[in-house]
Amino acid sequence: MTAKTEHPDDLAIDAFAEAMKAKMRRSREEKGRGGWQTATPEHLAQLLMEHINKGDPVDIANFCMMLHQNGASQYVIEQAWAEKCTSGLAKILEPGEIVENGHYLVNDGKHLYMEYIGDIKPDPENIGSYYGPLKWKTEER
C-alpha cells in the first residue's frame with residue numbers, strides 16, 4: 001500500500017499555519033503580547049484594519065484567526081472596514097453634504113453616517129448579520 005499524497009492546498013495551509021504559529025510565539029515571547037481570547041471583536045477588527053495597511057499576510061491571518069476563534073460575526077469586520085474606508089470622507093464632505101452611491105454618506109458636522117437604502121432584513125447566509133438600512137458613525141471630528 002502506498003502513502004496517500006497530500007494535496008498541494010493542504011501542504012500550503014500547513015506551511016502557512018506554521019508561519020502563523022511562529023509569529024504568534026515571537027509576539028508572546030519577545031513583545032509580551034497576549035489576551036486576544038478576551039478582547040472584544042470590535043477591538044480585534046480594528047487591529048485587523050490597522051494591520052491590513054502594513055501588508056504582512058501572516059499578521060492579517062493571525063487577526064482573522066483571533067476573530068474566527070472568538071466567534072466574531074462578519075458584521076463586525078464589515079463595520080470596521082466601512083469605518084476605515086470612509087473615515088477620511090468626513091474631512092472632505094462639508095457638513096450637511098450627502099453623497100449617494102447605493103447608500104447615503106451624510107456629514108452632520110460631528111459624525112459621518114452611512115445609511116443603506118431599503119428595509120433591514122436578516123441575512124440567511126450569515127447568521128447574526130443584517131443588510132438594509134445600516135447606520136453607523138465614525139469617531140467625532
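Has the stretch 17-24 got any residue that is assigned to a loop (DSSP other than H, G, I, E, B) and farther than 25 Å from E78 by Cα?
no
When only residues in the stretch 51-77 that are farther than 19 Å from A17 by Cβ and surrounded by 13 or more Cβ atoms within 10 Å (Cβ to Cβ) count, which is modelled with the highest pLDDT?
Only one residue tops the list, namely A72.
The values are calculated or read from the model by the stated rules, or taken from the named source; none is laboratory data. In this text, all values refer to a predicted model and were calculated from it rather than measured experimentally. Cβ: placed from backbone, ideal geometry, glycine included. Neighbour counts: every protein chain shown.
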